[in-house]
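Notes to accompany the following structure.
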């Protein structure tokens, strides 16, 4: 099939894009990478009357590494919503400051889709299995939204409301994503992270995904843990309460199994033609345990080096 007829605009500034959104409202769609929107338009699952191309807006292309934060406080790594996924994947500073996001990007589609897909586009699309959305929730990123009246902010954990439904209004554009960058909370502390998912084929939509980022003290006890699960609830699911129960604990097999059981108790998967709800719960338990072990191993490998 072909897309239904539409009008096309390429604004020169973000303010002009917001004016167009304000004028056309729900009849308009923004396009940057088009890796989700274009196939939906081709199948006529989306039929915008106006397509507003923001792919060349310099205001959405910025990458700002964090300045030195006060002791004990996290900094923030700012990524413009229009930044291509491949740019972050290959960015040396992002690998140092946002290792969990870089790890997740390796699971996003294929090289060709990451060359066109944008960080913000994946978040706004609102897919419950989207890797970038899950990382944004787990790290509790801050999203800056723009419209003709100015800027507003929403936390990633509050942004996703239901499958493919987010808190962004028709007249708003996602401008920036501010990812917290962990600072060591104790001398000699070690950080590790891991991202895993199961799909029918690599690059397909994940049946279930999981990720974890943690910090260990010199004795191997958890100082800080954040983890989450995708594809096992109506929205990407951050699990701060499960991470909190691991603080002060050695990550042995018993602690990891207890955390995986607690995580599964907070999921709410639906079955479909790809996987039953019970199978998704099983995957969630397996993957949470797997990423906690892998994140621990990642942290301990830094001690060895």
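The helices (runs of 4 or more DSSP H) found entirely in the range 91-178 that carry 2 or more residues being under 13 Å from residue 79 (Cα atoms) are 92-97, 99-105, 119-125, 131-138. Criterion applied to 248, 192, 228, 220 was being within 22 Å of residue 294 (Cβ to Cβ), surrounded by fewer than 21 Cβ atoms within 10 Å (Cβ to Cβ) and touching a residue at least 60 places away in the same chain (Cβ under 8 Å), and the one residue passing it is 220.
Within the range 221-234, the residues that satisfy the criterion of being out of contact with any helix residue (DSSP H, G or I) (no Cβ under 7 Å at 6 or more places or on another chain) and assigned to a loop (DSSP other than H, G, I, E, B) are 233, 234.
Scanning the range 235-292 for residues being within 17 Å of residue 220 (Cβ to Cβ), touching a strand residue (DSSP E or B) at 6+ places or on another chain (Cβ under 7 Å) and not in a helix (DSSP H, G or I) gives a total of 5.
Within the range 35-57, track down each residue that is within 22 Å of the chain's Cα centre (by Cα) and more than 17 Å from residue 22 (Cβ to Cβ). Within the range 35-57, 35, 36, 37, 38, 39, 40, 55 meet the criteria. Of everything listed in (1) free of Cβ contacts under 8 Å to residues at least 24 places away in the same chain; (2) assigned to a helix (DSSP H, G or I), the single unmet condition for residue 5 is (2). For the range 16-33, a residue qualifies if it is touching a helix residue (DSSP H, G or I) at 6+ places or on another chain (Cβ under 9 Å) and either surrounded by fewer than 18 Cβ atoms within 10 Å (Cβ to Cβ) or assigned to a strand (DSSP E or B) (or both), and the qualifying residues are 28, 29, 30, 31. Count of the range 138-164 residues, restricted to those that are surrounded by fewer than 20 Cβ atoms within 10 Å (Cβ to Cβ), closer than 24 Å to residue 235 by Cα and more than 15 Å from the chain's Cα centre (by Cα), is 3. Only residues that are part of a strand (DSSP E or B) and either surrounded by fewer than 24 Cβ atoms within 10 Å (Cβ to Cβ) or more than 20 Å from the chain's Cα centre (by Cα) (or both) were counted in the range 208-217, giving 2.
If you go through the range 1-15 and keep only what is surrounded by 14 or more Cβ atoms within 10 Å (Cβ to Cβ) and modelled with pLDDT under 95, you end up with 3, 6. From the list 268, 278, 261, the lone residue that is in the same structural domain as residue 200 (by TED's automatic domain parsing), more than 20 Å from residue 134 (Cα to Cα) and out of contact with any helix residue (DSSP H, G or I) (no Cβ under 6 Å at 6 or more places or on another chain) is 278.
The values are calculated or read from the model by the stated rules, or taken from the named source; none is laboratory data. Here the structure is a predicted model, which means the values were calculated and not measured. Note that we place each Cβ from the backbone using ideal geometry, even for glycine, and neighbour counts take in every protein chain shown.
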